[in-house]
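The values are calculated or read from the model by the stated rules, or taken from the named source; none is laboratory data. Computed from a predicted structure; not experimentally measured. Cβ placement follows ideal geometry from the backbone for every residue including glycine, while neighbour counts extend to all protein chains displayed. When the accessible area is computed, the model is the full protein with side chains, heavy atoms only, and any ligands, DNA or RNA have been set aside. Shrake-Rupley method; radii C 1.70, N 1.55, O 1.52, S 1.80 Å.
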Amino acid sequence: MAGLRPSRPSSAFRAFFSYKVFASALFALLFLAALSAFLSSSSSPSHHSPTFALRRHRFLASDPLRARVDLIYRQAADHSVLATAYAAYARRLKLDSSRQLRIFEGLDDSLSDLSLRLAGTVVDDEDVLRAVEKEAKDRIKVARQLVGESKEAFDTQIKIQKLRDTIFAVREQLHRAKKLGALSGSIAAGSTPKSLHCLAMRLIEERIAHPETYRHADAAAPSDPELYHYAIFSDNIIAVSVVVNSAIKNTKEPWKHVFHVVTDPMYLAAMQVWFVRRPPTGGAKVEVRSVTEFEFLNASYSPVVRMVEGGRRDLSLLHYLRFYLPQMFPKLKRIVLLEDDVVVQKDLAGLWSVDLDGRVNGAVETCFGGFKRYNRYLNFSNPLVQRQFSSRACAWAYGVNVFDLDAWRKERLTEQFHEYQSLNEDGTLWDQASVLPAGLATFYTTTKPLNKTWHVLGLGYNPSVSLDEIQNAGVIHFDGNMKPWLDVALNQYKHLWTKYVDTEMDFLQLCNFGL
């Protein structure tokens, strides 16, 4: 039996030998792994440099330097945004200091670059991180210092800019309001009130109903050059009657005064009926003619007629007849042009003794200081205007104008007007909404100033005209949109016009004139 049991010493020896082999192999493997790691780390090139070069890889949650890198990144990004904002303000405000703008832009670029370098980066070296922190702190310090120094100036500039923007907006609103007001006033002044339309219709009806009564209504007025001749161009019947009536009532020798009224064909019959039924007193003469009776006024001769026939609604042929006075009245030597919105308060005979010193036009000047000079009415950005006229030349007014027709013909001023009007067909020399600029251009250097008491203006827009000026005036002028026959007339002046209205005319009561 003893020979059948296994031998214990032999089994134990084999087990011990197997364990020893396993341990040796394990230690050999660990040694080889350590050696390999050592050799790999020693052979790889170092990317660290004295100027804090960075290695980029994902952050580890256990990285102890991550919080500091995040803090530097946030500070750099915040101050980059601040520098960008101040640079934008500097551009918008157009600051005088371009150096300050360049500093802000450079600081913005520097901080943006630093932020990009820090994004997604981990620094695993304390020395490198310190260098990065120092660079970031230096740049942030510069940013804070510059912002602190500029904040007050920027705040002031921003307030100034806001104030300028507000002033600009208010001016724009005021400009729009003025344009709308001018348009409304122009519409009111240019429209025909119901009472005036009624009056014209009643007078035409009278002409149709009694043609024999008005058979001689178109009789020509005397053309004796020794008489005092006046030209009135209008289609406003009651306004023309006031001009004629006021002139006759304030003259010593009414039989010497001849009024040449030229009107639109549509109002010719009505105007003639009025002066047949209410003829001027004292032997004065009134001639009423239509603009179509002047055959020389055609498109081949007059650029104004050509424009009107071409559809220019902003031009009124009646307003431009004043440039054809020598052709319309070839036998006369001198004539006075009266607007239909004036009232005569003194004898106009004195105008025929005014010495014009060989000039063509006698008119009251309107300039004072730097106001109402040629630069207000003509476009001096145009080279032709710059060459021909002085921007400082004094402007004058239409309303009461004495014209020496012989001097006019000698100077060939109608041809001069045609030349300027043709050049201004597109409105580049002056605004064609008014006839005055054309007159200023045509009669440049040929106008003799009249005494200012002959012609006082402003009663159609200025509520502050001096009463002394009004009382001493030979003629008062309701220029502007507040005409005395309109509801918008200035009440303090309206009686100066209404007292010359012929209220005995029966058609006025029929048409409900509120006088």
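Report the Stokes-Einstein translational diffusion coefficient (µm² s⁻¹, integer) for region 432-476, Rh taken as the Kirkwood radius over Cα pairs, at 10 °C with viscosity 1.306 mPa s. It would help to have the intermediate numbers written out before the result.
Numbers: Rh = 12.5 Å.
Translational D for this selection: 127 µm²/s.
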Subject >> Whole-number percent relative contact order across region 240-302, with pairs defined as alpha carbons under 8 Å at least 6 apart >> reply: 40 percent
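Decide, for region 217-258, between rounded, prolate and oblate: order the square roots of the alpha carbon gyration tensor eigenvalues as a ≥ b ≥ c, take rounded if a/c falls under 1.5, and otherwise choose prolate if a/b is larger than b/c, else oblate. Can you show the working numbers first?
Working: a/c = 2.12, a/b = 1.19, b/c = 1.78.
Note, shape of region 217-258 comes out oblate.
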Subject >> Percent carbon-and-sulfur accessible area, region 268-367, ignoring ligands, DNA and RNA, probe 1.4 Å >> reply: 48 percent
Original post:
Using a ≥ b ≥ c from the Cα gyration tensor of region 232-360 (square roots of the eigenvalues), is it rounded, prolate or oblate, where a/c under 1.5 gives rounded and otherwise the larger of a/b and b/c decides, a/b for prolate?
Top reply: oblate
Original post:
Shape call for region 360-417 from the C-alpha gyration tensor, a ≥ b ≥ c root eigenvalues: rounded (a/c under 1.5), prolate (a/b greater than b/c) or oblate?
Top reply: oblate
Original post:
What ratio of Cα Rg to 2.2 N^0.38 Å holds for region 310-462?
Top reply: 1.04
Original post:
For region 388-478, taking Cα atoms only, what is the radius of gyration to one decimal and the Dmax to the nearest whole Å?
Top reply: 15.4, 43
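Note down the relative contact order for region 359-515 as a percent, whole number, built from C-alpha pairs under 8 angstrom at least six residues apart. Please report the intermediate quantities before stating the final value.
Numbers: 197 pairs, mean separation 35.4, N = 157.
Over region 359-515, the number comes to 23 percent.
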**OP:** Determine the distance separating the Cα centre of region 447-515 from the Cα centre of region 242-271; give it in Å without decimals.
**Re:** 17 Å
Original post:
What residues qualify as long-range amide H neighbours of H229, i.e. H under 5 Å apart, gap of 5 or more or another chain, H built at 1.01 Å from N?
Top reply: V258, V336
**OP:** May I ask you to evaluate 6.51 cos²θ - 1.76 cosθ + 1.60, the Karplus curve with θ = phi - 60°, for each residue of region 310-318 and list the ³J(HN,Hα) values in order in whole Hz, giving x for glycine and proline?
**Re:** x, x, 6, 7, 7, 10, 10, 4, 4
Original post:
If the cut-off is a Cα-Cα distance under 15 Å, which aspartates and glutamates reach K410, setting aside same-chain residues fewer than 8 apart in sequence?
Top reply: D357
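With a 10 Å radius around each residue's Cβ, average the other Cβ atoms per peptide and rank 411-421, 440-450, highest first.
Numbers: 411-421: 16.9, 440-450: 19.4.
Per-residue mean Cβ counts within 10 Å order the peptides as 440-450, 411-421.
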Original post:
Once the whole set of protein chains is in place, how much accessible area is left on W396, using a 1.4 Å probe, in Å² to the nearest 10?
Top reply: 10 Å²
Subject >> Derived scalar couplings ³J(HN,Hα) [region 218-230; Karplus, 6.51 cos²θ - 1.76 cosθ + 1.60; whole Hz; x for Gly, Pro] >> reply: 9, 5, 6, 7, x, 10, 5, x, 7, 7, 9, 9, 10
Subject >> Listed residue pairs exceeding 31 Å between alpha carbons, taken from K331/K499; K346/K448; K452/K483; K252/K448 >> reply: K331/K499
